[in-house]
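Enquirer: My structure is below; once you've seen it, I'll send some questions.
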Amino acid sequence: MMEASVACTVLLVDDHPAVRQGLAALLGSRGLPTPLQASTIEEARAIADETDVDLAVIDLSLERGDGLDLVPDLASRGARVIVYSMFEDARTIRRSLKYGVLGYVTKRDDPACLLEAVDHVRRGEPYLSVRAVDALSEADAAMQGKELSERERQVLSLMGQGESNIGIAAALGISVRTVETYYTRISEKLDLSLSVRDLRKYAIRHFKE
């Protein structure tokens, strides 16, 4: 859990006042100060012009624009961005990550996921919610899973069984460094390029024996 005493200016961007109020209360339970709020891209940019925003929680579907258009502006000012959206399709999630979004949580995820995302992103760590990871993995499992080599599938199977890097290396007779190389290759093939944690989630769901 992130230290509440660490200063953090939060910006909420959503065109539904009730959603913003609910998010503000949720973040307040984490010890964060009352967040700044915007309902449009223009309002959000005006706030960012006057205030150093540390963390932004953005909806993608705004009444007057696409929330992703804000991401490059905020990121260039040093803000870390979490998308909080009803969109759960892999294409939108990948597009968000390419824009520089550090965290992605869907509105059907448990609210605890958003708090977990806040903790990770404030530390500069990427975060994908359970539904986001599922959307990415399910979109690629049928097609791209078949493109993995036998050794790559072995690595994923061992990951799904909870083996550590050292355990995987020992089981396959390779070095830990080679295991890490396999992680990179597998992530590129599956387009799950955020972290080993996300790759392990994929392995548990699709390759656990």
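The values are calculated or read from the model by the stated rules, or taken from the named source; none is laboratory data. Keep in mind that this is a model prediction, so the values were computed, not measured. In this analysis, Cβ positions are derived from the backbone assuming ideal geometry, glycine residues included, and neighbour counts consider all displayed protein chains. All accessible areas refer to the heavy atoms of the entire protein, side chains included, with ligands and DNA or RNA removed. Shrake-Rupley method; radii C 1.70, N 1.55, O 1.52, S 1.80 Å.
Enquirer: If I ask for residues that are open to solvent by 10 Å² or more (accessible area, probe 1.4 Å), small (Gly, Ala, Ser) and without any contact (Cβ under 8 Å) to a residue 40 or more places away in the chain, which ones from segment 11-47 would you list?
Expert: Result: 18, 22, 24, 25, 28, 31, 39, 46.
Enquirer: Looking only at segment 82-131, which residues are aromatic (Phe, Trp, Tyr) and open to solvent by less than 30 Å² (accessible area, probe 1.4 Å)? Give the derivation first.
Expert: Of segment 82-131, the ones aromatic (Phe, Trp, Tyr) are 84, 87, 99, 104, 127.
Scanning segment 82-131 gives 104, 127.
Enquirer: Out of 58, 47, 41, I need the residue that is within 25 Å of residue 138 (Cα to Cα) and of a type outside the set (D, E, K, R). Which one?
Expert: On the way: 47 fails: within 25 Å of residue 138 (Cα to Cα); 41 fails: within 25 Å of residue 138 (Cα to Cα).
So the residue among 58, 47, 41 that is within 25 Å of residue 138 (Cα to Cα) and of a type outside the set (D, E, K, R) is 58.
Enquirer: Looking at segment 168-186, is at least one residue open to solvent by 40 Å² or more (accessible area, probe 1.4 Å) and touching a residue at least 60 places away in the same chain (Cβ under 8 Å)?
Expert: no
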